[in-house]
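**Student:** Take this structure, written in structure tokens, and hold onto it; I'll ask about it next.
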């Protein structure tokens, strides 16, 4: 899969021809390996397109811009990627995936998966919602919204909300507040919360109104939400463990710190 820009399309054509010439079987219906060409947004799109095959498929990313968190190869490393795929024996690196279950007051349920995060917001006014962690009433939140992220998503929207950066092998969820309202009347914790794998987070809106649920790069709108539950899915996303796999901490450094003169 490639994003729709000339550079990514050129890399797609180059890679397609190189894989075909190397004797690989190329199929978009039942792939063993999904190659994403573009940026992290393109990898998210690939994840959602093939999330029904997470048990059997592995992903690898080729970045055509700056180094991304989900990419191990740059656009000028196509030959290197093909050679590494020739040596592939099925090794994988697995990261947790978020599962979201949204229930409406009429009983309807909708289930989603997220690689980075899911965010709940009220469309018209300040959102008021009870926050439950493992069936314990944690707080009554007032503010713009709440975001629940995976460890891999901790460097995305969660970080901009002041959340912690978690290594993607840590099986935990992170709950972050979006512009919480705190004064002498209304109080929230005011910081992100890291929740272990066994615990479930539930957000229960207090008003019958329209709410948005953003799941990675997709947004859905619902009326009269009863509750939204978040927990780690039993299935993980698997990446090809190539010799070019970049250290997570190298990615964090390159993205947010860079080279510092000492």
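What follows is calculated from the coordinates using simple rules that are stated; it is not laboratory data. This one's a predicted model, so the numbers in the text were calculated from it and none came from an experiment. Neighbour counts are summed over all protein chains in view; Cβ atoms, including those assigned to glycine, are modelled from backbone coordinates with ideal geometry.
**Student:** On a 0 to 90° scale, report how tilted helix 6-21 is relative to the longest principal axis of the chain, with both axes built from alpha carbons and the result rounded to the nearest 10.
**Tutor:** Taking the Cα atoms of the chain, the angle to 6-21 is about 50 degrees.
**Student:** In addition: Restricting attention to the alpha-carbon atoms of region 98-232, what are Rg (one decimal) and Dmax (integer), both in Å?
**Tutor:** For region 98-232, the Cα-based Rg and Dmax read 13.6, 39 Å.
**Student:** How big is the Rg/Rh ratio for the chain, C-alpha atoms only, Rh by Kirkwood, two decimals?
**Tutor:** 1.02
**Student:** Counting only C-alpha contacts under 8 Å and six or more residues apart, can you give the relative contact order of region 27-84 as a whole percent?
**Tutor:** 33 percent
**Student:** Give the relative contact order (percent, whole number) for region 98-232; include only Cα pairs under 8 Å separated by 6+ residues.
**Tutor:** Taking the mean separation of contacting Cα pairs over the length of region 98-232, I get 32 percent.
**Student:** Okay, which of region 225-262 sit inside 12 Å, backbone N to the point 7 Å along the Cα-Cβ direction of residue 165?
**Tutor:** Only 248-259 fall inside the zone, counting backbone N under 12 Å.
**Student:** Here's a follow-up. Give me the distance between the Cα centres of region 53-80 and region 169-228, rounded to whole Å.
**Tutor:** Computed from Cα coordinates, the inter-centre distance equals 31 Å.
**Student:** Just to be sure I understand the model, the point goes 7 Å from the Cα along the line to the Cβ. What's the resulting residue 194 to residue 212 distance in nm?
**Tutor:** 3.0 nm
**Student:** On to the next question. Report, in degrees rounded to the nearest 10, the 0 to 90 angle that the Cα long axis of helix 40-49 makes with the longest principal axis of the chain.
**Tutor:** With both axes taken from Cα atoms, the answer is about 80 degrees.
**Student:** How high is the relative contact order of the chain, given as a whole-number percent (alpha carbon pairs under 8 Å, six or more residues apart)?
**Tutor:** Answer for the chain is 21 percent.
**Student:** What is the packing order of peptides 76-88, 179-191, taking the mean over residues of other C-beta atoms within 10 Å and listing the highest first?
**Tutor:** 76-88, 179-191
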